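Report on the following structure.
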Amino acid sequence: MKGKIIVIEGTDCSGKETQSKLLEERLKKDKIKCIRFSFPMYDTPTGKIVGGPYLGKEEISESYFDEGAVNVDPHVICLYYAADRKYNMKKIEEYLEKGYYVILDRYTTSNLAHQGSKITDPDERFNMYQWIDKLEYWLLRLPKPDLTIFLHMPLKYSLELRKNRESIDEHEKDENYLRQSEECYIELSELYNWSKVECIKDNKIRTIEDINDEIYNIIKTKNN
C-alpha cells in the first residue's frame, strides 16, 4: 500500500518543526512507518541556494538580491523553492512506495502563502495560486498532500515569541510581510479546506502537548 503525505504548515512561530517532530515520534510509537522531512532542505545543493543567496542565512549574512528577499518577483522565488522540492523528491517517493507516512514540515503550500502574500489584488493573487499549483503539481509532477494541517499563530503572539530566536531571515525581519502572510494562510486554509489548528485559546498560547494532541486526533479521524 502506498504511503501518505502529511503536511504541517503554519504562520511564523507556530511550531511547525516542533509539532512535526512530535508527530513523527507518536506515529512511530503506534508502530506506524513514518519519516519526517523539512523544506527547504538546507543541507542539499538546492536548499543551500535558497538559504544562502536568497534568504541570507548561515555564513551569508544577507541576500544576494539588492532589492531584498521580500521584494523579489514572487514568480522568480517560486522557482527556487520548487526546484528544491523537485531535486529532493526522489527520496520522499521511495518512502511513499514503501507505505510510509511522510511528514513534511512545509511544502508547496508555503509557496502559495508566502509568495501569494506579495500580491495585493485578490484576483491576481488567486491567479498566482493557480500558477504555483500548475508549476509544482502538473509541470514538476510533485505528489499532492493527502492531508494539510495549518497551525495558526496570530501575528501579535508570534512577534513576542520570535524575540527568543538567535537569528531571523530577511522575511522574518519584515512585520508587514508577516502580517500579509498570515492573512494569506487563512485565505488558503479556507480555499483548500486545510485542517486548521488554532495555537491560541482564551488569549493564551496553548501548550505544545495540547496542540500535538489535536494534530494527532485530526490524523486519526481522517484515516478512519
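Mind checking whether some residue in segment 34-55 is more than 24 Å from residue 139 (Cβ to Cβ), of a type in the set (A, V, I, L, M, F, W, C) and modelled with pLDDT of 95 or more? Yes, there is a match, as at least one residue in segment 34-55 is more than 24 Å from residue 139 (Cβ to Cβ), of a type in the set (A, V, I, L, M, F, W, C) and modelled with pLDDT of 95 or more. In this structure, residue 209 qualifies as more than 27 Å from residue 80 (Cβ to Cβ), part of a helix (DSSP H, G or I) and at pLDDT 90 or above. For segment 193-206, a residue qualifies if it is surrounded by 15 or more Cβ atoms within 10 Å (Cβ to Cβ) and either among the β-branched types (Val, Ile, Thr) or at pLDDT below 95 (or both), and the qualifying residues are 197, 205. Screening 66, 84, 12 for residues that are at pLDDT below 95 and within 20 Å of the chain's Cα centre (by Cα) leaves exactly one candidate, 12. Inside segment 64-105, residues that are farther than 23 Å from residue 132 by Cα and buried (at least 20 other Cβ atoms within 10 Å of the Cβ) make up a count of 1. Taking segment 27-59 as the range and being outside any helix (DSSP H, G or I) and under 12 Å from residue 106 (Cβ atoms) as the test, the residues that pass are 36, 37, 38, 39, 40, 41, 42. From the list 24, 17, the lone residue that is assigned to a helix (DSSP H, G or I) and closer than 21 Å to residue 178 by Cα is 17. Scanning segment 1-21 for residues that are over 20 Å from residue 162 (Cβ atoms) and either surrounded by 21 or more Cβ atoms within 10 Å (Cβ to Cβ) or not charged (D, E, K, R) (or both) yields 1, 3, 5, 6, 7.
The values are calculated or read from the model by the stated rules, or taken from the named source; none is laboratory data. This one's a predicted model, so the numbers in the text were calculated from it and none came from an experiment. Note: ideal-geometry Cβ built from the backbone for every residue, glycine included; neighbour counts use all protein chains shown.
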